[in-house]
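Read the structure below first, then the notes.
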């Protein structure tokens, strides 16, 4: 009888330990986004200046959608690059939209002043938009083509080279086959 228990433990325990061991070797951030190449979830948000905007209002334009928070070091690291890219593309068929999450209004407004952010930003107070987009960490950025389809998702800080390349792809309606990941860069 004891050998049957030993066999049972071996037959159940070894595969279970193997699966757990494999899981510990995987990066949890490697879960691919199911949204790339699909229609972007619709949303509406009130901008910091009080104007409402919805994704439907932006149809026909390329949308750069960035989720951020004032307390987030990588968000702070990318802030100047995002503003520089916006200033370069302003007046084109591109809209930059920042969505502040998990933050206070005071912190968000202070961040926008500190980095002289001029592109549109709103606060997702209940994190509904972030949930619909599957945001699990910040910053996260989505590129949406003129038809409303997500062409690229980037987790982490973005550099200007990636921004320009992915905006160009979104203009052409080219969807990436996988999301990108940024490395943390200090603001110094």
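Modelling each spin label as a point 7 Å along the Cα-to-Cβ direction, I'd like the residue 53/residue 87 distance in nm, to one decimal.
Distance between label points: 1.8 nm.
Pull out the extension gain between residue 136 and residue 44, defined as 0.36 nm times the separation in residues minus the alpha carbon to alpha carbon distance; nm, one decimal.
Working it through step by step, the gained length comes to 31.1 nm.
Only bridges whose two residues both fall in the range 33-181 count here: according to DSSP, what percent of them are antiparallel, nearest 5?
About 55 percent, rounded to the nearest 5.
How big is the Rg/Rh ratio for the range 33-181, C-alpha atoms only, Rh by Kirkwood, two decimals?
Radius of gyration relative to Kirkwood radius: 0.92.
Within a 10 angstrom radius of the beta carbon, how do 169, 140, 114 rank from fewest other beta carbons to most?
114, 169, 140
Which order results if 164, 154, 89 are arranged by neighbouring Cβ count within 10 Å, fewest first?
Result, fewest neighbours first: 164, 89, 154.
Can you compute the label reach from residue 164? Point 7 Å from Cα along the Cβ direction, backbone N cut-off under 16 Å, restricted to the range 65-92.
81-90, 92
Have a look at the DSSP beta bridges in the range 34-102 and tell me what percent are antiparallel, nearest 5.
Percent antiparallel among DSSP bridges in the range 34-102 is about 30.
Since every read-out is calculated from the coordinates, none of them should be taken as a lab result. Being a predicted model, the structure only gives us computed values, none of them experimental. All Cβ positions, glycine included, derive from the backbone under ideal geometry; neighbour counts span all protein chains shown.
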